[in-house]
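Asker: My structure is below; once you've seen it, I'll send some questions.
Any read-out appearing in this document is the output of simple, stated calculations on the displayed coordinates, not a laboratory observation. What you are looking at is a predicted structure, and each value in this text was computed from that prediction instead of being measured. Don't worry about glycine lacking a Cβ; one is built from the backbone with ideal geometry, like all the others, and counts go over all protein chains shown.
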């Protein structure tokens, strides 16, 4: 619609609706920055953190319960204090972020893979396949996310022999949280597939005699990515929240690899005796992370939902 | 419409069957029931006899049948950990959770629905934006963090409210209630708020999203073109169409409330079903776990069914046959 | 301004604030409506007709505003009113009705309640009186059994009835002016005629003024006393309908009228229409450079594509039995049943099927066009779906080139008919994958059918075909959303041709297009048929279009074949009562004096 004298960058900004809206929304930019920072911190944790909180040998119990460095009793080595075991809180938070993000991303990926595949198949083939997938989803929906996660966790505890439980914790958590979230992806993928299937370009491909798998991967999947991306971001926030909750309840990550939830749980025990920093900083980190992911999810949802424009 | 109801009923039954199957599988195959029940000194022979007398050697299908039968008669067995009858445990702890859930649901609806409507109508405005930001925080802060926050402020710093337990309750028949004593109300306040915040935020966002969609529709435009009063437009026309899907969501909210009560009960040491379940996870108390599973599923399924039925009652397109165009 | 001028619009300019800057949708509009008359506002898409209607009602979206000009309703200036003041006028003095009766009514409220509420909004009467008035109104708008039906919900009415309810709702407050924005576009031709008659009667009886916004010239001729022709937000011409449309002064109006398909005679081509492809692009600020920018693929030209297709035709011709009697496609007692909902949940929720087609027998001679015409629900699209294999027939047979055409379910993916029969769809927006470049879209059939494998060869072929359908070769690099509806349909035609088909099925290919663009596309299809001997099955609800393009005509009604006859015989003297009914209900331009027929 406009003249061709614009530079390629200008045209990209305007033609690409998503980019345009993003760059004009300060909120989206800020939260994207925050999220990026969190990811970087998580990835670089081993490099940038002064201590390794998992290294039992490096922790001195005498250093426990030290307040942040700017208080009179604080120690300059530990910028925001230490926990009850003498772990540097700053390092613990960095590693905790890493763990939270890791579990979050893994479980959401698992849920997405499972859910999108099932949703695509159910939407495309219809009939008994669709009915089956939907019934399974119904069962899943009868059990809220926390319950599923807790159940899978509990079952794992019951089945796995004692030693390996801790080592396999990551897998168990991924499966537990993933299983509670796949239905979101499946339903969205199915609904979108049904819509695209009716569209004439897909009908044209069917008439041409294209193989269904080819149609699904070439035509349908790229066109349903929008809503799926929204679900991905939202569910990432939920996954992080679930992991934190499970760890807080003591049934998440193993105790010697604290995630943000574990740290908060430890801190709760010290609320009444005045060691406020053990709860506050991990809580802040956790909330900031989830808020930024949610804001991004909201932004994406506004972009992709034609109704709300 | 009868076909609609029948189909939904069948769906409900199917789900319950599958869930009961999972519960049964849990019971039977995770851990060893006999090993849980006996001490270390019991001889293998005695164990074998115990096993036989419990019917654990019968074919799986028979055991499943027996399991179903017991479920239907509300005979849930005994806890591995406390040796108490599970039915008793549930009955004694249910009131705590139900009352908690009820109050938080009330809170979330009373605040959430009007807030959602308001922010949908007033799209730009200081209050609207403030509410939106608050809700963003509301769904991002984990329930336990809210609980801890409230405890810190109102319990530790200000000392106004008790930080754990149910407080004084009054027994009405078999039901212990918080609602009749001041201490009871003080005790339930923070947990209910904690639980309610997340639900509130969800409700508000959903109501807002639905209403915004409705406000863009053609029939609202036409009503506006006829000069229908704005307040009637919003509250009579738009709201009516918004509430239909919102009812579904509210129904699910109630389920969510019960589910999230697990966390809240943990933070506040609230002696309800959630805490019971949590303990059962920690101690791998299989009978309690599987009972809880079945009960929650039943509750969800029932709520879903009721919601669908109410849909049928409210939406005339489902109730009465149409002409189509 | 004469004594009975209801609405006077002078120099109206409406602009919108978009993220591209300030956009002027309409400029300098002059318009006047007298009481007891209908003023038609006609134009193609992007002309700004709906914007004018919304501006008069004060219903512009928040990004729009009246930048200049005046709107006066019986002496009262409207343009500077605030929303509250305007809202008081809405319904009581000016009312508006919209296109889609399905979405215009609140599905959850009984129509009686909606009527009563509207009445009581503007008049201080009690509920019983309001209800009586509502019943009287429903009667007036032709709803039978008004006293009982007043308590029904919207979905219990059919499309035409619903639009009557909408009209009743617009009238119940006794407004002086009604703005009708495409009120009959979503309705079948017969129902459309009834609604238009209703409007004319109401205007005469109540002496109200109506602005009728539409893109359909036939509707204007039937109803409007005066007409204003709009293009790109400006008035091209205005005056009494007979004069403006019968002997147009402006070039655009002349070209527009030349593009309208007539029923009276069949012309070999639409002549004197807007030939410029850029006429198709929205907005007057479009740079022509994007259309003819000199981008060419080496060796690609329309001739190349033309030769390629001619060779295919010769190959096909040589492979056939010369004594074939010429029927390329034969449909024999074909029936299709739909929607028998299987099972649901263990048999509950099973629905009896709807018979979309019932024992239909047709044939299409090679190199000719068969026009299949019918209203919605007649089964015409189902026919296309059955032939292309999207839907399975429940009984009957299909034969293509004397060989049995297997039903879709059993048709192999590499069956020759999948190449030889190609389908062009109605919706130009959904028929192309919006994530593919035009090149990739067009390359798909080329590669799939193995016409070329080498990348540059494919490219050359694709670019040539684009030129053959009168698109610039540079379109290769662009995405569908960068093109208008007509241009996308050209791409769709190119895609079909790149399969080297013998039969083209066109399912309402121009129904979603503007009249000028429709004429261009129809010309294109005819040229292609003449050059390459393509056979065509042309499906439409528009008899006038079928008159121009089809050699034989088949009429479908509710799945039954009502008549099957050659073009001239059908339009001179149709035999079946339903055919005659359809012919009489189609708005005709014959009423124009000195029509611009060449």
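Asker: Sort chain B into rounded, prolate or oblate with this rule: let a ≥ b ≥ c be the square roots of the eigenvalues of the Cα gyration tensor; rounded if a/c is under 1.5, and if a/c is not under 1.5, prolate when a/b is larger than b/c, oblate otherwise.
Answerer: oblate
Asker: Taking 8 Å as the Cα distance limit and 6 or more residues as the minimum spacing, I'd like the relative contact order of the range A:18-136 as a percentage.
Answerer: Averaging sequence separation for qualifying contacts and normalising by length gives 19 percent for the range A:18-136.
Asker: Let me ask you something else. Based on DSSP H runs of at least 4 residues, each adding -39500 (n - 2.57), what is the mean residue ellipticity at 222 nm of chain C after dividing by all its residues, to the nearest 500 deg cm²/dmol?
Answerer: Helices in chain C give a 222 nm mean residue ellipticity of -10500 deg cm²/dmol.
Asker: Based only on other Cβ atoms within 10 Å, what is the fewest-to-most ordering of C:532, B:14?
Answerer: If I rank by nearby Cβ atoms, fewest first, I get B:14, C:532.
Asker: Okay, next question. Efficiency by 1/(1 + (r/R0)^6): what FRET value for residue C:478 and residue A:40, r their Cβ-Cβ distance, R0 = 35 Å, to the nearest 0.05?
Answerer: 0.40
Asker: Within 10 Å of each residue's Cβ, count the other Cβ atoms and sort A:78, C:564 from fewest upward.
Answerer: In increasing order of surrounding Cβ atoms, one gets C:564, A:78.
Asker: Other chains' Cβ within 10 Å of A:125-134 residues: what's the mean?
Answerer: The shielding value for this peptide is 1.
Asker: How high is the FRET efficiency from residue C:148 to residue B:181, r the C-beta distance, R0 60 Å, rounded to 0.05?
Answerer: Once the sixth-power term is evaluated, E becomes 0.55.
Asker: Same structure, new question: Hey, got the average number of other protein chain Cβ atoms within 10 angstrom for residues in B:201-212?
Answerer: 1
Asker: Which distance in nm do the two modelled labels at residue C:197 and residue A:64 give, with both placed 7 Å along the Cα-to-Cβ direction?
Answerer: It works out to 9.4 nm between the two label points.
Asker: Who wins for biggest fluctuation among B:310, B:261, B:108 in a Gaussian network model of chain B, springs between alpha carbons below 10 Å?
Answerer: The residue with the greatest mean-square fluctuation here is B:310.
Asker: Work out the FRET efficiency for residue B:306 and residue A:75 from their Cβ-Cβ distance, taking R0 = 51 Å, and round it to the nearest 0.05.
Answerer: For R0 = 51 Å, the calculated efficiency reads 0.30.
Asker: Further question: Using only DSSP helix segments of four residues or longer, with each worth -39500 (n - 2.57), what per-residue ellipticity at 222 nm results for chain A after dividing by its residue count and rounding to 500?
Answerer: -24000 deg cm²/dmol
Asker: Using a basic spin-label model with each label point 7 Å from the Cα along Cα→Cβ, how many nm lie between residue B:68 and residue C:10?
Answerer: Result for the modelled spin labels: 8.5 nm.
Asker: Considering only DSSP beta bridges where both residues belong to the range C:477-598, give the percentage that are antiparallel (nearest 5).
Answerer: Percentage antiparallel, nearest 5: 55.
Asker: Per the helix-only calculation at 222 nm, which mean residue ellipticity applies to chain B, given -39500 (n - 2.57) for every DSSP H run of n ≥ 4 and division by its residues, nearest 500 deg cm²/dmol?
Answerer: After summing the helix terms and dividing by residue count, I get -24000 deg cm²/dmol.
Asker: Arrange the peptides C:148-159, C:450-461 so that the one whose residues have, on average, the most other Cβ atoms within 10 Å appears first.
Answerer: Output ranking for C:148-159, C:450-461: C:148-159, C:450-461.
Asker: Which residue, A:234, A:290, A:29, tops the fluctuation ranking in a GNM of chain A built on C-alpha contacts under 10 Å?
Answerer: For chain A, modelled as a Gaussian network with Cα springs under 10 Å, the answer is A:29.
Asker: Now a separate question. With a cut-off of 8 Å between alpha carbons and a minimum separation of six or more residues, what is the relative contact order of chain B in percent?
Answerer: Reported relative contact order: 26 percent.
Asker: Evaluate peptide C:103-111: per residue, the Cβ atoms of other protein chains within 10 Å of its Cβ; return the mean as an integer.
Answerer: Per residue, the average neighbour count from other chains is 6.
Asker: Now a separate question. Going highest first, how would you order C:574-585, B:285-296 by mean Cβ packing within 10 Å?
Answerer: Result, highest mean Cβ count within 10 Å first: B:285-296, C:574-585.
Asker: Let me ask another. Give the shape of chain A as rounded, prolate or oblate, defined through the alpha-carbon gyration tensor: a ≥ b ≥ c are the square roots of its eigenvalues, a/c under 1.5 means rounded, and otherwise the shape is prolate if a/b is larger than b/c and oblate if not.
Answerer: Cα axes put chain A in the oblate bin.
Asker: I would also like to ask the following. Ranking C:301, B:231 by Cβ neighbours within 10 Å, fewest first, what do you get?
Answerer: Sorted ascending by nearby Cβ count, the order is B:231, C:301.
Asker: Spin-label point model (7 Å from Cα, Cβ direction): what's the residue A:113 to residue A:171 distance in nm?
Answerer: 1.3
Asker: Report the antiparallel proportion of the DSSP beta bridges in chain C as a percent, rounded to a multiple of 5.
Answerer: About 55 percent, rounded to the nearest 5.
Asker: Ok, one more. I want to verify a result. In a Gaussian network model of chain B, Cα cutoff 10 Å, which of these has the top mean-square fluctuation: B:48, B:12, B:23?
Answerer: Result for chain B, Cα springs under 10 Å: B:48 fluctuates most.
Asker: Between rounded, prolate and oblate, where does the range C:114-184 land on the alpha carbon gyration tensor, with a ≥ b ≥ c its root eigenvalues, rounded for a/c under 1.5, else prolate if a/b exceeds b/c?
Answerer: Oblate, because a/c is 1.5 or more while a/b does not exceed b/c.
Asker: While we're looking at this one, here's another question. Output the peptides C:120-127, B:184-191, B:210-217 sorted from most to least packed, where packing is the average of other Cβ atoms within 10 Å over each peptide's residues.
Answerer: My ranking of the peptides, most packed first, is B:184-191, B:210-217, C:120-127.
Asker: Separate question: Determine the percent antiparallel among the DSSP beta bridges restricted to the protein assembly as shown, to the nearest 5.
Answerer: 60
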